[in-house]
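Okay, structure first, notes after.
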Amino acid sequence: MKAIRSMVKKIPLKDLEAFIDIIANAYPGFGIVSPDDKKKMKQRMVKLSLDPTINHYGVYRDRTLIGGMRTYDFMMNLFSVRTLVGGVGLVAVDLLRKKERACKEMISFFINLYRKKGSVLVALYPFRPDFYRKMGFGYGTKLNLYKVWPGDLPRGGSKKHVRFLNEKDRDALRRCAYRFFLSHHGMLEMKRHELDYFFKSSEAKTVVYKEGKKILGYLLFVIKRVDDANFLRNNIVIRELVYENEVVLSELLTFLHTQLDQIHQILYPTQEEFFHFLPRDPRDGSDNIIPLIGHQVNTQGIGIMYRVIDAKGMFRLLRDHKFGNHNYRLNIVLHDSFTGRGEESLVVEFKDGLPRLVARVAGDVRIHLDIADFSSLMVGSVDYRSLHKYGLSQISDRGFIEIVTDTFRAVEKPICHNTF
Ligand SMILES: CC(C)(COP(=O)(O)OP(=O)(O)OC[C@H]1O[C@@H](n2cnc3c(N)ncnc32)[C@H](O)[C@@H]1OP(=O)(O)O)[C@@H](O)C(=O)NCCC(=O)NCCS
């Protein structure tokens, strides 16, 4: 019997329609049905491909395209180090070719591609968290959905700097987004098409906080009907809220507060954990009581996931980052069943928290963990104590649990405003 030839390569223009057919079936929610829908999708994909940091790859079996994905070169703020991180989205496999390990082949290719580019980390938004955790991706910071009546948000003294975004603000908006990126661990630098969205979207509106020529914050939102029965009942769904200081936030919240006569609720998806401290009534309108007695203030989900693809490289990259302030040698043993690399062992010496890889020396303590959980630990979206408690990591000396926890404790968990 002849062996099937399988390979992953960039999808040439001539195969884009075949990829769109696969996407249309894989993501029925996209509503790509008519020839016109497909034409529009093609135009969007061709336009995106003009950005050299965005590519479409396909898996070919016997020269037939059976699945594809979109990759992104992102610049990420990783503990204040600006670094290249690979992103993948739009993973889709032909319905007739599912469970033939096409996705596995693409993700392996994606990981190798970004290793070759010198990245230490990759990221994705999963269609199912367990599917990608098995492939070594660890959970990022949880996403919270808050629902607040506008009148419960604080009405500050002013909203005089708040105005609608206009075409001339493009550069000021880009600069504001860039400053926010530079000051927040986990953020990805905004891409051109993302900036375009603010100006071209027919449904989304943006108000900005502007002082002189400078934009110091913005609120991107969509107004959506609560239900079909009443066209006068609407919600504001926040797509992005950025503020550089508390005065800016106060004015943007005042803007939201003053929508109270027409807006039923503000829906705010955010990785901010403490947002419920802000509204007068923190409850989300569900009246749900979580047993025994907990008033529901938000629902939560797992969004972005990360995978360390070069553990040693990550410590080298973060050589000036303070991992706590302890002095000891930590032996990390990583299990990675997906890449076929098996176990990897490294010893990191921390001097006042600053890491340095050392060879041929034993650690003062050894920890074992899976690459997925290690990835969450490295970016600061989980603490070591919890991983140990849940049996997800073993430690050679329990006396070090708190020290290892301090080592990987992030002051701010990673946040990400980009979807891909
Ligand atoms: C989700 C989707 C991409 C999966 O594609 P698929 O080609 O059917 O998936 P695969 O056959 O590659 O399944 C993954 C394989 O990797 C294997 N695998 C995962 N982690 C592994 C590990 N650590 N070690 C070894 N094998 C591993 C799995 O076991 C599975 O193989 P098996 O079925 O033989 O057990 C596809 O169903 C699809 O297009 N869905 C709709 C669109 C969508 O939701 N896309 C995702 C958006 S992010």
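The values are calculated or read from the model by the stated rules, or taken from the named source; none is laboratory data. Just so it is clear, the model here is predicted, and its values are computed rather than measured. Positions of Cβ are backbone-derived with ideal geometry, glycine not excepted, and every protein chain shown enters the neighbour counts. Protein only, heavy atoms only, side chains kept; ligands, DNA and RNA dropped before computing areas. Shrake-Rupley method; radii C 1.70, N 1.55, O 1.52, S 1.80 Å.
Residues of the range 195-225 being in a loop (DSSP other than H, G, I, E, B) and open to solvent by 50 Å² or more (accessible area, probe 1.4 Å), which ones?
Those that are in a loop (DSSP other than H, G, I, E, B) and open to solvent by 50 Å² or more (accessible area, probe 1.4 Å): SER202, GLU203, GLY212, LYS213.
Scanning the range 54-62 turns up no residue that is open to solvent by 40 Å² or more (accessible area, probe 1.4 Å) and free of Cβ contacts under 8 Å to residues at least 24 places away in the same chain. Does SER381 satisfy the criteria of being touching a strand residue (DSSP E or B) at 6+ places or on another chain (Cβ under 6 Å) and within 30 Å of HIS193 (Cβ to Cβ)? No. Of all the listed residues (PHE164, PHE131), the sole one being open to solvent by 10 Å² or more (accessible area, probe 1.4 Å) and within 16 Å of the ligand (Cβ to nearest atom) is PHE131. Taking only pairs six or more apart or across chains, which ones have beta-carbon atoms under 8 Å, a first residue in the range 329-352 that is basic (Lys, Arg), and a second residue that is open to solvent by 20 Å² or more (accessible area, probe 1.4 Å) and away from the ligand (no atom under 13 Å from the Cβ)? Correct list of pairs: ARG329/GLU349; ARG329/VAL358; ARG329/VAL361; ARG329/ALA362; ARG329/GLY363; ARG329/ASP364; LYS351/ASN327. Please find, within the range 2-14, the residue that is nearest to the chain's Cα centre (by Cα) out of those that are within 25 Å of ARG192 (Cα to Cα) and open to solvent by less than 60 Å² (accessible area, probe 1.4 Å). Checking each candidate, the answer is ILE11. Kindly indicate whether any position in the range 233-254 is assigned by TED's automatic domain parsing to the domain that holds LYS160 and modelled with pLDDT under 95. Scanning the range 233-254 turns up at least one residue that is assigned by TED's automatic domain parsing to the domain that holds LYS160 and modelled with pLDDT under 95. For ARG115, the conditions (1) among the charged types (D, E, K, R); (2) within 15 Å of the ligand (Cβ to nearest atom); (3) in the same structural domain as ASN77 (by TED's automatic domain parsing) are fulfilled apart from (2). Could you check the range 24-34 and list, in sequence order, the residues that are touching a residue at least 24 places away in the same chain (Cβ under 8 Å) and either away from the ligand (no atom under 11 Å from the Cβ) or part of a loop (DSSP other than H, G, I, E, B) (or both)? Correct list: TYR27 only.
Of all the listed residues (ASP21, ASP94, ASP37), the sole one being away from the ligand (no atom under 16 Å from the Cβ) and surrounded by 12 or more Cβ atoms within 10 Å (Cβ to Cβ) is ASP37.
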